[in-house]
1. Tell me the residue from B:Leu120, B:Leu200, B:Leu126, B:Leu164 that is touching a Phe, Trp or Tyr at 6+ places or on another chain (Cβ under 7 Å), of a type in the set (A, V, I, L, M) and either over 17 Å from A:Thr159 (Cβ atoms) or at pLDDT below 95 (or both), please.
2. Does region B:96-113 contain any residue that is within 23 Å of B:Met183 (Cα to Cα) and either among the aromatic types (Phe, Trp, Tyr) or in contact (Cβ under 8 Å) with a residue 60 or more places away in the chain (or both)?
3. Starting from residues that are surrounded by 18 or more Cβ atoms within 10 Å (Cβ to Cβ) and not in a helix (DSSP H, G or I), keep the ones in region A:159-197 and report whichever is farthest from the other protein chains (Cβ to nearest Cβ).
4. Does A:Leu68 count as open to solvent by less than 60 Å² (accessible area, probe 1.4 Å), farther than 24 Å from A:Gly189 by Cβ and out of contact with any Asp or Glu (no Cβ under 6 Å at 6 or more places or on another chain)?
5. If a residue has to be in a helix (DSSP H, G or I), open to solvent by 20 Å² or more (accessible area, probe 1.4 Å) and more than 9 Å from chain A (Cβ to nearest Cβ) to count, how many in region B:68-105 make the cut?
6. Report whether or not A:Ile141 is buried (at least 24 other Cβ atoms within 10 Å of the Cβ) and touching a Pro at 6+ places or on another chain (Cβ under 9 Å).
7. Of the residues that sit in region B:12-44 and are of a type in the set (Phe, Trp, Tyr) and under 16 Å from B:Arg209 (Cα atoms), which one is surrounded by the most Cβ atoms within 10 Å (Cβ to Cβ)?
Amino acid sequence: MTRNGPFAFLFSALFVVFMTAPLVVVMGVSLTPEGFLEFPPSGLSLRWFRAILENPDFIDAAWISLYLGIASASLATVLAVPAALAIGRRRFAGRDFLLALFMSPLTVPTIVLGIAFLRFLSQFGLNGTFVGLTLCHAIFITPFILRLVLASVTGLDRTIEKAAESLGASDFTVFRRVTLPMIMPGVVGGWVLAFITSFDELTVTVFIVNPSTTTLPVRLFAHITQTTDPLVASISTVVILFTVGLMFLIERLYGLDRLLVGGEGR
Amino acid sequence: MAFLELTGLTKRFGEVTAVEDFDLTVERGEFVSLLGPSGCGKTTTLQMIAGFEQPTAGSITLEGRDLVAVKARNRGIGIVFQSYALFPHMTVAQNVAFGLEMRKVAPAERQRRVEQALALVHLEALAGRYPRAMSGGQRQRVALARALVIEPEILLLDEPLSNLDAKLREEMQLELRGIQQRMGVTTILVTHDQTEAMALSDRVAVMHRGRLVQVADPLQAYENPLTDFVSSFLGKTNRLEGRVLERQSGGCRVAVGETTFEAPPPPDEAAAGGGRVIVSIRPEKVEFRPAGAGLVEGRAAARIFLGDHWLYQVETPLGVLLVIRQNAGPAEVETGGSVGLAWDPAQVRLLPYEAQA
């Protein structure tokens, strides 16, 4: 391994500071004993963390975000895995179109998507429902899963599946026992990425929630348009810790660099 | 009735004909190699036997039963691939057990047969390992055990040894042949490596441009090739373009450039081509004579020591001839030295003329 020179080190250090500084500020602010946003905090207090418990609407919103993330990431995975298998290794008419279609939520401006979803859901009377939210989020996060699964599918040695077939496995058994386990890192990585994307989605979601299905990001957004108390900072801190914990768990299970960067590993 | 019978087997991919009118019968317990350069259709033929490709025309029968209509998973064929194709997320034992699981073999029986198969390839000790923690040779053995444990009707080997280094390859060849004979499993090997095909097989089927050119036991194919291609592809040969001058009792006189010598009778095709033939003389059939005493005179241009034998390049009026001599002491001829070359006329082979491929 080559050692980095001083400039590369400086650059990396600045980059890390730039990336983490906002998080540090938010976490610092959350510890303030005062009733306004201040950094560095004048003292240390868990006052604003206790305040979370006194605001059940935030906790309800967090549960909705959690359920929504799990439901939409799972739905999108069910869509993306077969799509990736087809796109990744078959040649058929309309393949490029299909890929472009699945990836399009990444290229369409989110505000346009939000308005479109609003119109669409209203048409079917699903506006503001959890089902409607799940469908829209699933569409929005499918590209993230598709990309990761596609990467693991293209690296797959097809003769392994042929070997399984010649040993007597049916198509479905080949998929369940051989193909799926081999692309599992891509599937899990995609699911996690999709879950996180859904969990903090705001721009699209703000159009299609109603008071009973308000997600955490929408609730936070509504809160800071009205007041500027450090409650948002403490909630953000909890979300940050939750995400870090999730990442840590995945790292232990599968290895993050392998999931998000690809390659062999382990 | 033959065990496995391929009749008129043809495969076209659009405009391209990969395999054309391929006929082959394989007896029970026989080891047959499909040998040819890449793109000759040998792998396509194997894929059709395995059931991964549907023939465009022709039939495949196993003991008289039609195989073409049978799905790959029901053909009962064991395959070993060049890439090993092991299941990376399963241990060695799980890999080997997979085919038995699919056959709903009871767990106790399954375990017994897995152990037996692993013992066959000397991997009992590694049953709990994952493939990624094994060497190429070990993975190849696992693949072999996995294919054999289901007691396949036919064992198909698709370039199974190509990814191994030379020394290991030789060891595996011997072992493979031993296992095949002990189990008596009918085996078809696809390879581009002529030494491998000759070392392992009861018969070699040489393929060229989608067609079967010659099927014979290895010695027969080597000594009496039917075509220029077989002669050049199996081993080394001195390939010369010649002309039949006159037929004699039991042979003929052939001319290569200004030089004439005796040879066995020419092939029938020679008459139509105005007597043009390909003259093939194997390098090991050529002997040294003192300068002036050979059928042809030359100068030793280069000499390569290959351990058990010497390889000489001798410049002659016929062109550069290869001569292989056993290493039975010091080299017989010095580089740059004049030398005569001679051979037994019966060892010359005359083949139908083909333009150099």
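1. B:Leu200
2. Yes, region B:96-113 contains at least one residue that is within 23 Å of B:Met183 (Cα to Cα) and either among the aromatic types (Phe, Trp, Tyr) or in contact (Cβ under 8 Å) with a residue 60 or more places away in the chain (or both).
3. Only one residue tops the list, namely A:Ala169.
4. No; evaluated as a whole, the condition is false for this residue.
5. 2
6. Taking the combined requirement at face value, the residue satisfies it.
7. Per the stated criteria, the residue is B:Phe22.
Results for (1) open to solvent by 10 Å² or more (accessible area, probe 1.4 Å); (2) part of a helix (DSSP H, G or I); (3) of a type in the set (Gly, Ala, Ser), shown as yes or no for each residue.
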| position | (1), (2), (3) |
| --- | --- |
| B:Gly128 | yes, no, yes |
| B:Gly137 | no, yes, yes |
| B:Pro152 | yes, no, no |
| B:Leu155 | no, no, no |
| B:Leu161 | no, no, no |
| B:Lys167 | yes, yes, no |
| B:Glu170 | yes, yes, no |
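The values are calculated or read from the model by the stated rules, or taken from the named source; none is laboratory data. Quick caveat: nothing in here was measured; it's all calculated off a predicted structure. Virtual Cβ from ideal backbone geometry, glycine too; neighbours counted across all protein chains shown. What goes into the accessible areas is simple: the full protein's heavy atoms, side chains included, and nothing from ligands, DNA or RNA. Shrake-Rupley method; radii C 1.70, N 1.55, O 1.52, S 1.80 Å.
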